[in-house]
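Read the structure below first, then the notes.
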Amino acid sequence: MTENQSIRVGQIVGAFGLRGEVKVEPLTDFWQRFQKGSRLRLKGNWVTVEGFREHKNRPLLKLSGVDSIDAAEKLQWEYLEVTGDRPDLDDDEFYADDLLGLMVVTVEGQELGEVDEVLPTPAHPVLVIGDIMIPAVKEFVVSVDLDSEQITVRLIPGMLPESDPED
């Protein structure tokens, strides 16, 4: 990652309170990125985290320049980004952005398509491949090979959408 590239670390999902705090759905396991004094990019501009606290397993942030509930509400669904070096990951950890576009193949060799989205959920991320949703946990994700741009998965009955009998 070069200094000018950005990675999404959170998405604003709503306003909280009257002073302009925002509720954030974290897209990172590195919550230190949200600590007071951190700089984040929001809509192409830098903002400073003036306050951080946790509420219902979600960061609540007070951002510079966001001083009212009206201003906070206008930021719903916007992404918070950082630039620069990424923290080192373990061998079995991956950045969600790195998984986008990878081909997903079952252990039987069936191509399911490319990863369209990685949904953050409270329990675990979910890989979205068209209409298919696969929990990104070891029980289903057998391997991730960034070099060959492929994810191998083991599915259980019912995980694939049923095909139309008239097809």
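Each reported figure results from applying straightforward, stated rules to the coordinates on display, with no laboratory input. In this text the structure is predicted, and so the values were computed from the model without any measurement. Glycine gets a Cβ as well: all are built from the backbone with ideal geometry, and neighbour counts include every protein chain shown.
Table for the structure above
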quantity: At R0 = 22 Å, FRET efficiency that the Cβ-Cβ distance of Glu139 and Trp31 yields, to 0.05; calculated: 0.30
quantity: Residues of type lysines that Lys74 reaches as a straight line, Cα spacing below 18 Å, ignoring anything fewer than 8 places off in the same chain; calculated: Lys23, Lys43, Lys62
quantity: Over the chain, relative contact order from alpha-carbon pairs under 8 Å, at least 6 apart, %; calculated: 19 percent
quantity: Backbone N within the range 134-163 under 13 Å of label point (7 Å from Val107 Cα along the Cβ vector); calculated: 138-143, 152-157
quantity: Antiparallel bridge percentage (DSSP; both residues within the range 24-167; nearest 5); calculated: 85 percent
quantity: Fraction of alpha-carbon pairs over 17 Å apart in the range 6-83 - percent; calculated: 32 percent
quantity: Between the range 103-155 and the range 1-69, the Cα center-to-center distance that results, in Å; calculated: 28 Å
quantity: Over the range 96-153: Kirkwood hydrodynamic radius from C-alpha pairwise inverse distances, Å; calculated: 11.2 Å
quantity: Cα coordinate range in the chain, projected on the principal axes (Å, largest first); calculated: 55, 37, 25
quantity: Rounded to the nearest 20 debye, dipole of the range 1-151 from Cβ charges on Lys, Arg, Asp, Glu; calculated: 1260 debye
quantity: Quarter of the Cα convex hull surface for the range 32-76, i.e. its orientation-mean projected area (nm²); calculated: 3.3 nm²
